[in-house]
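Taking it in order: structure first as structure tokens, then the write-up.
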Amino acid sequence: MVQRIAGMMASFSGVLMGNSTAPRHWPAWTIYLRTMGLFCLLWYAMSWLTPNKILLPSPLDVASALRDRIDDGELVANATVSLTRLLVSVSIASLIAIPLGLAMGTSRLLEDLLEWPVELLRPIAGIAWIPLALFMFGIGNGLPIFIMIYTAFFPLLLGTAAGVRNVDRRLISAARTMGIPKGTLMRHVIFPAALPSIMTSARLAVAASWTAVVAAELVGAPSGLGYAIEYYRSMLDTPSVMAFIIVIGTLGFLCDAALRSLSAALMPWANAEEKR
Amino acid sequence: MTQQPAPKITLAHVRKEFGGTPAAVVAVDSLSLDIQPGEFLAIVGPSGCGKTTVLNMLAGLEPVTSGTMTMDGKAISGPGAERGVMFQDYALFPWKTVVGNIGFGLDHGPAGHGLSRAEREARVTRAIDLVGLKGSETKYPHQLSGGMRQRVALARLVANEPKILLMDEPLAALDAQTRIILQDELLRIWGQDKPTSERRTVVYITHSIDEAIFLADRVVVLSSHPGRLKRIVDVDLARPRNDETRKSRSFAELSQTIWELIREEAYRATMR
Amino acid sequence: MKHFLIRFATPIVLIALWQLFADAFGSPRIPRPSAVLASAMKLIGSGDLVTALVTSLGRVFSGFMLACAIAIPLGILMGSVRTVERNLDPLVESFRPVAAIAILPLVILWLGTGSMAAIVIVAYAAFFPILINTIAGVKRIDNNLMRAAYTMGVPPATRMWVVLLPAALPAILVGMRIGLGMAWTAIIAAELAVGAKAGGEGGIGQMMFIFYAYSVELNGIVVCMIAVGIVALVLDRILRAALHAAVPWSRL
């Protein structure tokens, strides 16, 4: 232990000396398992010390609740509902926001027209639309999908427009000097050059929508993961609540991982630094 | 500047490897060299010859793998305030003004120990005058041109009054005209008008052969992969050196000699 | 000038169209600019809106400070000590995708529906952006800056204060700016959800919920939404100004 601390101090002073490259000893997954194992042990100990198991169930209770919810189909059903809502709303948002963003980045008039409405609406969080949306759509699919489209829309629009605006002018000039027509220019120069920015904003949009879906379902939907955690909380079934929280986190992580590999596949030329 | 004789540095069979034992890359191998007090020593070589590694070892930022590197008979085991370093990209603190950067070592390091605030300020002012930065004291590095930043880095180095100045391609990022002007100033600050006993010791890394010849007393030519000593060329051009020096016949001959020493490897380096 | 006119005119035209359509086709319940304005005057006049905003902002401020107090030192430690980063990274990566609102039911279970629960939710929401940016900021520090201070003989503790911290400051402030935005969104969500399910205590989110569930006052909801937007904008501008003031050397 003392040695470990001494080692840590040494590498800390290593950073202060400007040597921050330390050799890797353990593969990442072993460290992951070790850390999470320790975390679960600590959790187990704390739940053992807590007299009221409703407040803090043990990791084993949560694991068995997770299995029960898989067995009775609740988990798959609710996860499917939430993921479908995510897919539908992000797709709709992309279909509107990306072309609009491309147009906004290339047309000064459109930018002038849209800038103020966008800047005025954007600070109003999607979640703040929930009460109004409850009136507009009632409880059902409409509300979460509306909230999620709204949430995904702004990052996508602004990320696309900024990506287009930041395209290296020299690339466009180079293409122009080769006599390339406008449509081709958009498809083969501007769009690919803006793609890294678009994909980054897509990741932001998905992360924000995934947060919004939980909030929207918690308040105004009869199904989905957000509804499920609230339902099991009202039943005081804490292990199931925690199981669903784990599922929400895992699916959020997997969605982001999927988008990251999509980025990597779409843009093998982009630098590795952007991918994290 | 205190007038004790500057220390002498000795490198004996220095070897430097990077990476783990099976796949180690040898950056520098069997390098032996004496650096004399008051000497201006330039190190040139094709890219990949380990010039910067040698400088980092002299600075004490990286340990030698084997061999010895001593200063006045004592092994160099870490950085010391008597050896000042000027980094290739200047390493100016972006959040400090010109004055803050130049006074950094005096304010926070041993160079300022025992000095009153007024004395430290006086030293910073002197350094500013020396490099001609008057009027830019309160500017931040990003507000300065490349040449000005280089002057700040030089002033910071001088303000700490190290006995040995280690410089890693300090003029590499500058345009040709600015380079020539700053080469002249560098020689003045080093003390080329003074007797050898009052000069500082400079180890100067550069990839420019002409720059090395113009500045240095001796030019160390390294070969690449790994960096080995190829030859030490004595530069017997008269001091003080000036524009006439650059036009002289012996200057051109020296340049030709060194170029021939490294030409083949330099070609190969461009293909890597 | 032409550009400014177009920019300025669009929102006005849109608001005018909203008013016209609501008057022409909508039921009296549908919110419209004139009614929203009247409702806003009433809510501001009675002081209700300000009270609700102050309650929410107080929670955001406490939670945000809590997040900074933990995330910044931890981020500096993780950014500079590779071993600590590698061992804690699994926890960070596991909890980061869990939205603050998802742990709300648990927090309500543990801490009830009062301000304490709200503060914890806010702190959780702000924590990860601040932590991640601090780590990245420390790791991205130019090695030569640390080396320069090292070769000048500056002692390690001083190096941390005079080099590491200022060099990482821009990234830390960026993290704080993102974190504060997330904190504000989270408090709205938390107050809405608490208002919806358990009858919490005050705040702009709950005010909206009361307008929805009890008084069916759509204009009031729109007033609250606008207030939420204005506060978000002001908070963002304050941190952006702080960034400019604290980081005069960076060209943003």
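Of all residue pairs spaced 6 or more apart or on separate chains, those with beta-carbon atoms under 7 Å, a first member in the range A:129-154 that is more than 12 Å from chain C (Cβ to nearest Cβ) and a second member that is hydroxyl-bearing (Ser, Thr, Tyr) are A:ILE145/A:SER89; A:MET148/A:SER89; A:MET148/A:SER209; A:ILE149/A:SER89; A:ALA152/A:SER89; A:ALA152/A:SER209. The criterion of at least 2 residues that are surrounded by fewer than 20 Cβ atoms within 10 Å (Cβ to Cβ) is met by the following strands (runs of 3 or more DSSP E) wholly inside the range B:1-106: B:9-18, B:25-35, B:66-71. Would you call B:ILE232 surrounded by fewer than 16 Cβ atoms within 10 Å (Cβ to Cβ), among the hydrophobic types (A, V, I, L, M, F, W, C), closer than 19 Å to B:LEU166 by Cα and assigned by TED's automatic domain parsing to the domain that holds B:ALA42? Against the criterion (surrounded by fewer than 16 Cβ atoms within 10 Å (Cβ to Cβ), among the hydrophobic types (A, V, I, L, M, F, W, C), closer than 19 Å to B:LEU166 by Cα and assigned by TED's automatic domain parsing to the domain that holds B:ALA42), B:ILE232 qualifies.
Just to verify a result, which residue in the range B:199-225, among those that are more than 20 Å from B:SER255 (Cα to Cα) and modelled with pLDDT of 85 or more, is nearest to the chain's Cα centre (by Cα)? I'd like the intermediate steps shown before the answer.
Residues of the range B:199-225 that are more than 20 Å from B:SER255 (Cα to Cα), as a first pass: B:199-202, B:225.
From what is left, the residues that are modelled with pLDDT of 85 or more are B:199-202.
Numbers: B:ARG199: 14, B:ARG200: 11, B:THR201: 9, B:VAL202: 6 Å.
Among residues in the range B:199-225 that are more than 20 Å from B:SER255 (Cα to Cα) and modelled with pLDDT of 85 or more, the one nearest to the chain's Cα centre (by Cα) is B:VAL202.
Only one of the listed residues (B:VAL85, B:VAL131, B:VAL64, B:VAL54) is closer than 21 Å to B:ALA173 by Cα, away from every other protein chain (no Cβ under 14 Å) and at pLDDT 90 or above. That residue is B:VAL54. Residues considered: A:ALA215, A:ALA207. Of these, the only one that is at the interface with chain C (Cβ under 9 Å from one of its Cβ atoms), among the aliphatic types (A, V, I, L, M) and surrounded by fewer than 24 Cβ atoms within 10 Å (Cβ to Cβ) is A:ALA207. For the range C:172-183, the criterion of being within 30 Å of C:GLY205 (Cβ to Cβ) and at the interface with chain A (Cβ under 9 Å from one of its Cβ atoms) is met by at least one residue. Does A:ALA97 fit the bill of being crowded, with 22+ Cβ neighbours inside 10 Å, more than 12 Å from chain C (Cβ to nearest Cβ) and under 19 Å from the mean Cα position of the chain (by Cα)? Yes.
Taken over the range B:158-178, the criterion of being surrounded by fewer than 19 Cβ atoms within 10 Å (Cβ to Cβ) and either of a type in the set (S, T, N, Q) or part of a helix (DSSP H, G or I) (or both) is satisfied by B:ALA176, B:GLN177, B:THR178. For the range C:75-92, does any single residue satisfy the condition of being without any contact (Cβ under 8 Å) to a residue 24 or more places away in the chain, under 30 Å from A:ALA216 (Cβ atoms), away from chain A (no Cβ under 13 Å) and not polar (S, T, N, Q)? The answer is no, given that none of the residues of the range C:75-92 is without any contact (Cβ under 8 Å) to a residue 24 or more places away in the chain, under 30 Å from A:ALA216 (Cβ atoms), away from chain A (no Cβ under 13 Å) and not polar (S, T, N, Q). Residue pairs whose Cβ atoms lie under 9 Å apart, separated by 6 or more positions or on different chains, with the first residue in the range A:229-255 and among the small types (Gly, Ala, Ser) and the second in a loop (DSSP other than H, G, I, E, B), are A:GLY249/C:ARG96; A:GLY249/C:PRO97; A:GLY249/C:VAL98; A:GLY249/C:ALA99; A:GLY252/C:ARG96; A:GLY252/C:PRO97; A:GLY252/C:VAL98; A:GLY252/C:ALA99. Filter the range C:82-99 down to the residues that are assigned to a helix (DSSP H, G or I) and charged (D, E, K, R), then identify the one that is surrounded by the most Cβ atoms within 10 Å (Cβ to Cβ). Within the range C:82-99, the match that is surrounded by the most Cβ atoms within 10 Å (Cβ to Cβ) is C:ARG82.
Out of everything in the range C:58-81 that is within 30 Å of C:ILE204 (Cα to Cα) and among the β-branched types (Val, Ile, Thr), what residue ends up being surrounded by the fewest Cβ atoms within 10 Å (Cβ to Cβ)?
C:ILE70
The values are calculated or read from the model by the stated rules, or taken from the named source; none is laboratory data. Not measured: the values here are computed from a predicted model. As a convention, Cβ positions derive from the backbone with ideal geometry for all residues, glycine included, and neighbour counts pool all protein chains shown.
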